[in-house]
Amino acid sequence: MIPISNFSIRTFCGGYDKNFCYLITCSHTGYQVLIDAPIDQKIIRPFFTDAPLAILITHSHHDHIHHIDQYQNLYPDLIILGHQDSPLSEKYNFKPLENKSTIKIGNLHIQSLYTPGHYFDSICFKLDPVLFTGDTLFVGRTGRVLSRKSSLKNLYKSVYEVILKLPPHTRIFPGHNYGRENTITLEENIKISPLLQARSFNDFKLKMEFYESSRTKS
Ligand SMILES: [Fe+2]
């Protein structure tokens, strides 16, 4: 758990593929929200102070939303917050988020930032000085663009024109434990990530092609 003056973040790792689930608690009010639902409620429930208010969805890939039903059944008032075009909107107690919506949790203000690319409905959540990046940005690299609704061009724009414009000390909390550590600042992540050192979109494309081909060989 990382203690910060007005909130805390408890990190859980599990699910399909070293997924991270984060429990954010407002230190003043005890109100809580989850980032994604990749992990069984039995593991996370002991850490709830009361019913959590919401689950903030970074994107609708299956591994990130697999356990939503469990949480929604246990906590019928729970709100699912995600992209306005999310397929989840038809099934759950869902509230759509526009780009730069503010979500108030107790004394905390969390901002949604649309970051399409890895998937069309990808959102990052900013709670200064932290950014929950889902599968858009990991420790050591960006996300990949393997789905039908992925876009390399959009991923480039989201990473370079949205995320890397944030203050260098911003600390990312990604959607999977794929890096050498769980969390890193943007500044440090640029130093260790060739995919964050592109000079242009074409350069990023080449770097991504190189990354994908080196994965195939290994
Ligand atoms: Fe994903």
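Quickly run through region 140-192 and pick out the residues that are open to solvent by less than 10 Å² (accessible area, probe 1.4 Å) and outside any helix (DSSP H, G or I).
If we filter region 140-192 for residues that are open to solvent by less than 10 Å² (accessible area, probe 1.4 Å), which is where we start, we get 142-143, 155, 158-159, 163, 170, 172-176, 184, 186, 189.
T142, G143, T170, I172, F173, P174, G175, H176, I184, listed by residue number.
Could you go through region 23-34 and let me know if any residue there is closer than 16 Å to T136 by Cα, open to solvent by less than 20 Å² (accessible area, probe 1.4 Å), within 12 Å of the chain's Cα centre (by Cα) and touching a residue at least 12 places away in the same chain (Cβ under 8 Å). Walk me through it before giving the result.
Step one: list which residues in region 23-34 are closer than 16 Å to T136 by Cα, which gives none.
No, because not a single residue in region 23-34 is closer than 16 Å to T136 by Cα, open to solvent by less than 20 Å² (accessible area, probe 1.4 Å), within 12 Å of the chain's Cα centre (by Cα) and touching a residue at least 12 places away in the same chain (Cβ under 8 Å).
For the subset of region 50-66 comprising residues that are without any contact (Cβ under 8 Å) to a residue 40 or more places away in the chain and open to solvent by 10 Å² or more (accessible area, probe 1.4 Å), which member is farthest from the ligand (Cβ to nearest atom)? Break it down into steps so the answer makes sense when it comes.
Taking region 50-66 and keeping what is without any contact (Cβ under 8 Å) to a residue 40 or more places away in the chain, we get 50-52, 55, 65.
Now restrict to residues that are open to solvent by 10 Å² or more (accessible area, probe 1.4 Å): 50-51, 65.
Numbers: D50: 30, A51: 27, I65: 10 Å.
Going through the qualifying residues, I end up with D50.
Determine the pairs where a residue that is more than 19 Å from T183 (Cα to Cα), located within region 141-169, has a partner that is away from the ligand (no atom under 13 Å from the Cβ) with Cβ atoms under 6 Å apart, the partner being 6 or more residues away or on another chain.
Filtered contacts from region 141-169: V145/L152; Y156/F201; Y156/F204.
For region 112-150, enumerate the residues that are more than 10 Å from the ligand (Cβ to nearest atom) and hydroxyl-bearing (S, T, Y).
Once the filter is applied, which keeps residues that are more than 10 Å from the ligand (Cβ to nearest atom) and hydroxyl-bearing (S, T, Y), region 112-150 yields S112, Y114, T115, T133, T142.
Could you tell me whether F12 is within 16 Å of the ligand (Cβ to nearest atom), open to solvent by less than 50 Å² (accessible area, probe 1.4 Å) and modelled with pLDDT of 95 or more?
Values: within 16 Å of the ligand (Cβ to nearest atom): no; open to solvent by less than 50 Å² (accessible area, probe 1.4 Å): yes; modelled with pLDDT of 95 or more: yes.
It is false that F12 is within 16 Å of the ligand (Cβ to nearest atom), open to solvent by less than 50 Å² (accessible area, probe 1.4 Å) and modelled with pLDDT of 95 or more.
The values are calculated or read from the model by the stated rules, or taken from the named source; none is laboratory data. Here the structure is a predicted model, which means the values were calculated and not measured. Note that we place each Cβ from the backbone using ideal geometry, even for glycine, and neighbour counts take in every protein chain shown. To get the accessible areas, we keep the full protein, side chains included, count just its heavy atoms, and leave off ligands, DNA and RNA. Shrake-Rupley method; radii C 1.70, N 1.55, O 1.52, S 1.80 Å.
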